[in-house]
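Beneath this line is the structure, given in structure tokens, with notes to follow.
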Amino acid sequence: MPVQNSDVSDIFNKMADLLEIEGANPFRVRAYRNASRAVSSLPRSVSDMLESGEDLTDLPGIGKDLAGKIKEIVETGSLALFEELKGKTPSGLSQLMKVEGLGPKRVRALNRNLGVTSLKELEEAARTGKVRELDGFGEKTEQKILEELEAYEGIEKRIKLIEAEQRARSIVEYLKGVKGVKKITVAGSYRRRKETVGDLDILVTCKRGAQVMERFVNYEDVKKVVSQGNTRATIILRSGLHVDLRVVPQVSYGAALHYFTGSKAHNIAVRKLGVKKNLKINEYGVFKGDDRIAGKTEKEVYNQVDLPYIEPELRENRGEVEAAQKGSLPRLIDLKDLRGDLHAHTKATDGHATLEEMAESAKARGYEYLAITDHSRKVSIAHGLDARRLARQIQEIDQLNEKLRDIVLLKGIEVDILKDGTLDLPDAVLKELDVVVCSVHYHRRLSRRKMTERVIRAMDNPYFNIFAHPTGRLINDREPYQIDLERIIEAARERGCFLEINANPDRLDLSDSHCRMAKDMGLKLAISTDAHSVADMDFIRYGVDQARRGWLEPDDILNTRSLKQLKKMLKRT
Ligand code: DGT
Ligand code: CA
Ligand code: CA
Ligand code: ZN
């Protein structure tokens, strides 16, 4: 399906919202709103108009600039400027916009005057009576906001990938009970391994479609059945999560999987290649005239437009189609490329397992090494290590390593980066370690410039190896602190330091686009779990997923190295 007018007007409208939140020139904001309205009320589709060579600047309110933007949206499915602006706006602010009664003006006021950046902070501000004090709000509005927030809870919220997995697993298990079901696949953003998922898109091949549907809508966790047909249905779970189900015939499986895996922008790009070859590509197959010439597998679909198979994690229309055409797709990092984990805690601080238990678990995973990196003294709630206790742990690890077979524990620390950029433990003890992981846990509210300089100053310490969870965000719970990652990446590369992809599914810090930025700038990254228990070491696969979304290859990852190579790379002096 080509880009619809509603897609274009939607992007323009959101663009206006973001500009307004940012406090941009009102004329500019209004231009986007007008354009949005103009496009949505057109009797014909802008895609068609462009295709037949019409000049969009003939339309009221559409100048050269906006016409160019419409063209970009039609051709690529998105607008680079919009994506950039979205990236710059704290994600919480766009969420605030979804609360009934909060427009961009009010969101801006809340943000400017009360520092509100998330729903949680809005609730807090409303509860404590701060919202009513603002110009143009008042007590009534404050009450209304609290009511809306209550109603809003659970709806329209993107869930973390790990939660999506748990919910998907039970539904898939449940659907397997239907006779004749062949394949069940969860497609959509879930299959692309996005860090958060809006809804689940489940694809089933089965002869008896109606039976699958019947079972689906009777799932025990259903709050509401939104729609039910013979080949498609949508339900809402009690948690508020939407689940779409499609039943497709075997011959269409690959085409349907491709379609419902998305992303939409990727699909549009692939479909456009089809158009050039006079092929129609949709969820039922690839068609030449009325003949289906492909569709059983995804590979067939790609091959019809002269592309090799493209991994789901890359399908965001961020250059993957062009790379596929040039034969320069990355060979994505895989779980089995990893030879160890470089961030883990034990009972010595806030972990739950002993050194020995952690070592055994690492060995069972086929790792060559595991770095033990407990907290430093500053993190007193976790009973962080001071120099004396760390020295003792170093000794214990040395002794344990003598006994251990096929696994080596690396002596490390997760040392706090203090407010002034010094490290929380003296060089004399850091010098004794194999790996020094550094992180920010306190004084998170510094300005962007101060925070960036603080971390760079820390990297000047010759024992600094890996910058852990570089933005400090918690997905859906805590905004990242302000930091200029481009400068950090550059500084790390110059000094022989590394950044971490923290694989904890609540963090996934770095983001996919920052992973890619690091790669493009030539910096290698560690994928680490930050495990606080033996079980947490399983988180590694979320880190791998994130790395794959960032186009990373084995060579881009520090812990694909052998122990010997790794040690060499960790020696800065
Ligand atoms: P989400 O659910 O927001 O995390 O993201 P997705 O990518 O799972 O999006 P969703 O659930 O709306 O749709 C699933 C896939 O179906 C999407 O990735 C691509 C495909 N799709 C949905 N609507 C359209 C459309 O209008 N055009 C095209 N080409 N594909 C679509
Ligand atoms: Ca989805
Ligand atoms: Ca969906
Ligand atoms: Zn940690």
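The values are calculated or read from the model by the stated rules, or taken from the named source; none is laboratory data. Model, not experiment: these values are computed from the prediction. Using ideal geometry, Cβ is built from the backbone for each residue, glycine included, and neighbour counts are taken over all protein chains shown. Remember, those area values only see protein heavy atoms, side chains included, never the ligands or the DNA or RNA. Shrake-Rupley method; radii C 1.70, N 1.55, O 1.52, S 1.80 Å.
Quick look at the numbers
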item: Residue among ILE171, ILE202 that alone is at pLDDT 95 or above, more than 13 Å from ligand 2 (Cβ to nearest atom) and not hydroxyl-bearing (Ser, Thr, Tyr); result: ILE171
item: Unmet requirement for ASP416, which otherwise passes all of (1) farther than 25 Å from TYR481 by Cα; (2) within 36 Å of the chain's Cα centre (by Cα); (3) not aliphatic (A, V, I, L, M); result: (1)
item: Region 479-516: number of residues that are free of Cβ contacts under 8 Å to residues at least 60 places away in the same chain and part of a strand (DSSP E or B); result: 3
item: Region 237-265: number of residues that are assigned to a strand (DSSP E or B) and either away from ligand 3 (no atom under 12 Å from the Cβ) or within 21 Å of ALA294 (Cβ to Cβ) (or both); result: 4
item: Selection within region 361-386 - surrounded by fewer than 16 Cβ atoms within 10 Å (Cβ to Cβ) and closer than 16 Å to GLU432 by Cα; result: ASP386
item: Cβ pairs under 8 Å, 6+ apart, first in region 549-573 and within 18 Å of CYS497 (Cβ to Cβ), second among the polar types (S, T, N, Q); result: ASN559/SER528; LEU566/ASN559; LEU570/ASN465; ARG572/ASN465
item: Selection from region 497-519 of residues that are open to solvent by less than 30 Å² (accessible area, probe 1.4 Å) and over 20 Å from ASP538 (Cα atoms); result: CYS497, PHE498, LEU499, CYS515, ALA518
item: Unmet requirement for LYS176, which otherwise passes all of (1) farther than 17 Å from ASP221 by Cα; (2) open to solvent by 80 Å² or more (accessible area, probe 1.4 Å); (3) of a type outside the set (A, V, I, L, M); result: (1)
item: Options ILE145, ILE202; residue that is buried (at least 16 other Cβ atoms within 10 Å of the Cβ) and within 16 Å of ligand 1 (Cβ to nearest atom); result: ILE202
item: Leading residue by the ranking (nearest to ligand 4 (Cβ to nearest atom)) among those in region 339-359 that are more than 18 Å from VAL435 (Cβ to Cβ) and free of Cβ contacts under 8 Å to residues at least 40 places away in the same chain; result: LYS347
item: Leading residue by the ranking (nearest to GLY351 (Cα to Cα)) among those in region 392-405 that are surrounded by 13 or more Cβ atoms within 10 Å (Cβ to Cβ) and of a type outside the set (D, E, K, R); result: GLN393
item: Entirely in region 268-375, the helices (runs of 4 or more DSSP H) that have 1 or more residues that are within 29 Å of the chain's Cα centre (by Cα) and more than 24 Å from ASP512 (Cβ to Cβ); result: 298-304, 355-364
item: Number of the condition not met by SER45 [criteria: (1) more than 16 Å from ligand 1 (Cβ to nearest atom); (2) of a type in the set (S, T, N, Q); (3) over 26 Å from ARG108 (Cβ atoms)]; result: (1)
